[in-house]
Amino acid sequence: MTTTPAPDTTLPTSPGSGPGSGSGSVSGSAPAPATAVAGTAPSAVPAAAAAPRRPGPPPRPRPRVLLLSTAGSVAALLLLVVVGTVLDRPLLIPPLAASMALVAGAPDLPLSQPRSVLGGQLLSALTGFAVLTVAGPGLWSAAVAGGLALGVMSLARTPHSPAAATAVIVALAAPPFWSFLGLLALACLLLVAVGLGAARATGRTYPAYWF
């Protein structure tokens, strides 16, 4: 009698699940982790910004520069005394000592340049004489003259802070117009000349510009 073969009960396998396919995962298992997109970098915590450096005092000058600058300032002011004695006129006034301190101690500043030393002093003196003509001598006039001198020097681009005191002196003392201006110009030129010599001796550049 002929025997009927038994039906095949083997489950069909999915494509790629056979031996050597490398998958071998059964339906319902956890999916593979997602890979990073090419070209993307992991997020990083930004570095803390450096705190701004607080300004401090200027560095101490080299001993040679310090000595020669101080000697130049002393020599310039003594020269004003000598020339004033010869001319029998007071040539050394307090604002000029402040001017020489700038020229010898900070020759790079705009306030120290010849344009500012000469121009600032003369313009401030003229401002003092203008206030003197309108209001007469006195403390009120001196206060106005000193304040106005700042504006005049700023407009003329001749900033020189010691010159504001020159305007105050003019408004207080009412000196002779022409002699005061002439002696003031002479004194400023002497200061600039000594400043040139001091700069050469210390190896610094002065002036940065003339006019």
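Since every read-out is calculated from the coordinates, none of them should be taken as a lab result. Computed from a predicted model, the values in this text were never measured in an experiment. No Cβ is skipped: glycine too gets one built from the backbone with ideal geometry, and neighbour counts run over all protein chains shown.
Summary of packing: across the peptides 98-107, 178-187, the per-residue average of other C-beta atoms within 10 Å ranks them, highest first, as 98-107, 178-187.
Each residue of region 154-171 is assigned a 3J(HN,Hα), and the resulting list reads 5, 5, 7, 6, 10, x, 7, 4, x, 5, 4, 5, 5, 4, 5, 4, 4, 5 Hz, derived from the Karplus form 6.51 cos²θ - 1.76 cosθ + 1.60 (θ = phi - 60°), x at Gly and Pro. Global size of region 112-180: 10.9, 32 Å for Rg and Dmax (C-alpha atoms, Rg to one decimal, Dmax whole).
Here the Karplus curve 6.51 cos²θ - 1.76 cosθ + 1.60, taken at θ = phi - 60°, turns the phi angles of region 114-128 into couplings of x, 4, 6, 5, 6, x, x, 5, 5, 5, 5, 4, 5, 4, x Hz, with x standing for Gly and Pro.
Remark on residue 91: its backbone amide H falls under 5 Å from those of 84, a criterion applied only to residues 5 or more positions apart or on other chains, H modelled at 1.01 Å from N. Taking amide H atoms as placed 1.01 Å from N in the peptide plane, the amide H of residue 106 has no partner under 5 Å among residues 5 or more positions away or on other chains. Taking Cβ atoms as reference points and 12 Å as the exclusive limit, the residues near residue 203 contribute a net charge of +4, counting Lys and Arg as +1 and Asp and Glu as -1. Shown in residue order for region 203-211 are the 3J(HN,Hα) couplings computed by the Karplus curve 6.51 cos²θ - 1.76 cosθ + 1.60 at θ = phi - 60°: x, 9, 8, 8, x, 6, 7, 9, 9 Hz (x for Gly and Pro).
Structural descriptor for region 58-211: relative contact order 33 percent, calculated from alpha carbon pairs under 8 angstrom and at least 6 residues apart. Cut-off 17 Å, label point 7 angstrom out along Cα-to-Cβ of residue 62: give me the residues of region 187-211 whose amide nitrogen falls inside. The answer is 198-206, whose backbone nitrogens lie closer than 17 Å to the label point. Once the chain from residue 54 to residue 78 is taken as fully extended at 0.36 nm per residue, the excess over their C-alpha distance is 4.7 nm. Annotation for residue 70 and residue 156: the two label points, set 7 Å from Cα along the Cα-Cβ direction, are 3.4 nm apart.
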